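A.B. asks: Here it is: the structure, laid out below.
Read-outs: derived from the displayed coordinates by stated rules, not from any lab. What you are looking at is a predicted structure, and each value in this text was computed from that prediction instead of being measured. When we count neighbours, we look across all protein chains shown, and the Cβ atoms used for this are built from the backbone with ideal geometry, even at glycine.
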Amino acid sequence: QQQHKQNVDVENHGDMSSLRNSNHPSPDFPSTKIPSGLPTLDAHLRGGFPVGTLSELVGRAGVGKTQLAQQLCVMAAMQKMGGSVYIDTEKKMNLVRLREIADGMKNRVRSGMEGHQSSRQVLENVTVHSLLTTQELMTTLDELEKEVFHRNAEARDFGSRKRRRLDINAFSTEANPNLTRRLPLPVRLVIVDSIAAPIRRDFDL
């Protein structure tokens, strides 16, 4: 894993409400990056947030850091066929909003880029850990590697079975409306929103 850290000032890349109006990123973006859906930010990052690196989002309260984090969960699934782990210490994770973002992206995405991921399948591949204290955060982070390994192994096993049987369309809910089985995706994104919140609570900061 690359030892690389970048700071992204959300405030300097426009109002997060523009997410709803942004064009879908180009399919030419490198496969090792997750685009944000914000053209200006993606251009600055040369395609998006690099997989396997650490990125820190900074900005005032209410500027849209959580909104961007949720958008990245959707983009990871729809663009890169990858799931995510969302560690929610701010108590701001909104699954209804996440579904709205996924539905909006699916309406705009061009055929062949979406990876046959419905909004339901996107949500099923986002694991949410909701916690309050610093100790809970540390415990979750300690167990994170095992969780990621388990989900990635599940995705690999599903992929090998799929290749032995039928192509991906056979597992698409669009091709098979009665299909309810979850399509496991390998974890490509881990979000901590935020590290500071439990510390503020524990130490009355």
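A.B. asks: Please list, in chain and number order, the residues 5+ apart from GLU56 or on another chain whose amide H is under 5 Å from its amide H, with Hs placed from the backbone.
C.D. replies: For GLU56, whose amide H was placed from the backbone, the distant partners under 5 Å are GLN6, ASN7, VAL8.
A.B. asks: Another question, if that's okay. Once the Cβ-Cβ distance between LEU123 and ASP204 is put in as r, and R0 is 45 Å, what FRET efficiency do you end up with, to the nearest 0.05?
C.D. replies: For R0 = 45 Å, the calculated efficiency reads 0.80.
A.B. asks: Which residues' amide hydrogens lie under 5 Å from the amide hydrogen of ILE34, considering only partners 5 or more residues apart or on another chain, with H built in the peptide plane?
C.D. replies: Here PHE49, VAL51 satisfy the definition.
A.B. asks: Still on this structure: In nm, give the distance between the simple-model label positions of ARG97 and ALA43, each being 7 Å from the Cα along the Cα-to-Cβ direction.
C.D. replies: Result: 2.7 nm between the two label points.
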